[in-house]
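The values are calculated or read from the model by the stated rules, or taken from the named source; none is laboratory data. Only a predicted model underlies this, so the values are computations on that prediction, with no experimental measurement involved. No Cβ is skipped: glycine too gets one built from the backbone with ideal geometry, and neighbour counts run over all protein chains shown. Accessible surface areas use protein heavy atoms only, side chains included; no ligands, DNA or RNA. Shrake-Rupley method; radii C 1.70, N 1.55, O 1.52, S 1.80 Å.
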Amino acid sequence: MNHLIAPSILASDFGNLKSEITMVNQSSADWFHLDVMDGIFVPNISFGIPVIKSIARYAQKPLDVHLMIINPENYIREFKIAGANILTVHYEACNHLHRTLQEIRSQNMKAGVAINPHTPVSCLKDIIHDIDLICIMSVNPGFGGQNFIERTYTKLQQLTKMKHAEKANFLIQIDGGVNNENSKKLIKLGANVLVAGSSVFKSKDPTHTIQLMKNQAI
Ligand code: DX5
Ligand code: ZN
């Protein structure tokens, strides 16, 4: 399949959110990536449900909501009502991950699981068919603008291998430090969705940067 590009709104200009949304709408991006941080699971606070509701009013592409919060199972319906299409929770934040994923799917959203840099992909083997998207964090979650962790390539190879061996259907997403230097290699190794914050929004021409990332040939 062709890879998808999900610009991370965390790196956008919140003072001009509507025009940033319009830029993504008019670009060749596929999804909006929305990072929710609670100051507990990660050492930063971003935005929450009311902001997502506002974004949903103008966004013309699916909302990919990445929850970096503890107890995400308490808010599944609220995020659905706010407009989320894909809801990703952290492996490290869920005691009953299988149940949480089922609840996300029962609300007609795609169920995603993100894993921190220290978490091996093998942790997800037993629930591999219950997941629509696996997000390999290529930075420690909490902040945009960090450097890509090189070990991600190995994890991506392991996950791609596991996906084929298990004949599973989930999408593989890479989140953190993705740019036009590393995107080609990530796609080649099996990444389906590239999240890009700083490399898009801090570039001179975000629309063009998205287009370049989208055009990466294998
Ligand atoms: C990090 C977030 C990322 C972040 C990516 O905790 O999950 O989605 O916005 O930003 P960049 O692309 O700047 O690393
Ligand atoms: Zn994210």
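If the condition is being out of contact with any Pro (no Cβ under 9 Å at 6 or more places or on another chain) and of a type in the set (S, T, N, Q), then the range 103-121 contributes 106, 107, 108, 119.
Identify the single condition in (1) touching a residue at least 40 places away in the same chain (Cβ under 8 Å); (2) within 12 Å of ligand 2 (Cβ to nearest atom) that residue 67 does not satisfy, given that it satisfies every other one. Going through the list (1) touching a residue at least 40 places away in the same chain (Cβ under 8 Å); (2) within 12 Å of ligand 2 (Cβ to nearest atom), residue 67 breaks only (1). Is it the case that some residue within the range 131-152 is surrounded by fewer than 21 Cβ atoms within 10 Å (Cβ to Cβ) and more than 30 Å from residue 203 (Cβ to Cβ)? There is no residue in the range 131-152 that is surrounded by fewer than 21 Cβ atoms within 10 Å (Cβ to Cβ) and more than 30 Å from residue 203 (Cβ to Cβ).
In the range 188-200, of all residues being under 14 Å from residue 2 (Cβ atoms) and open to solvent by less than 10 Å² (accessible area, probe 1.4 Å), the one that is farthest from ligand 2 (Cβ to nearest atom) corresponds to 191. Here residue 93 passes the criteria (1) more than 15 Å from ligand 1 (Cβ to nearest atom); (2) touching a strand residue (DSSP E or B) at 6+ places or on another chain (Cβ under 8 Å); (3) among the aliphatic types (A, V, I, L, M) except the one numbered (1).
Within the range 1-58, the set of residues being of a type in the set (S, T, N, Q) and in contact (Cβ under 8 Å) with a residue 24 or more places away in the chain comprises 8, 12, 22, 25, 26, 27, 28, 44, 46, 54. Within the span defined as the range 161-177, one or more residues are of a type in the set (A, V, I, L, M) and within 13 Å of ligand 2 (Cβ to nearest atom).
Can you find even one residue in the range 55-62 that is over 30 Å from residue 27 (Cα atoms), small (Gly, Ala, Ser) and at pLDDT 95 or above? No, because not a single residue in the range 55-62 is over 30 Å from residue 27 (Cα atoms), small (Gly, Ala, Ser) and at pLDDT 95 or above. Can you confirm whether residue 131 is touching a His at 6+ places or on another chain (Cβ under 8 Å), away from ligand 1 (no atom under 16 Å from the Cβ) and of a type in the set (Val, Ile, Thr)? It is false that residue 131 is touching a His at 6+ places or on another chain (Cβ under 8 Å), away from ligand 1 (no atom under 16 Å from the Cβ) and of a type in the set (Val, Ile, Thr). Among the residues of the range 87-99 satisfying the criterion of being within 20 Å of residue 35 (Cα to Cα) and surrounded by fewer than 21 Cβ atoms within 10 Å (Cβ to Cβ), which is farthest from ligand 2 (Cβ to nearest atom)? Filtering the range 87-99 for residues that are within 20 Å of residue 35 (Cα to Cα) and surrounded by fewer than 21 Cβ atoms within 10 Å (Cβ to Cβ), the one farthest from ligand 2 (Cβ to nearest atom) comes out as 94.
The requirement of being within 12 Å of ligand 1 (Cβ to nearest atom), closer than 19 Å to residue 31 by Cβ and assigned to a loop (DSSP other than H, G, I, E, B) is fulfilled somewhere in the range 199-213, by at least one residue.
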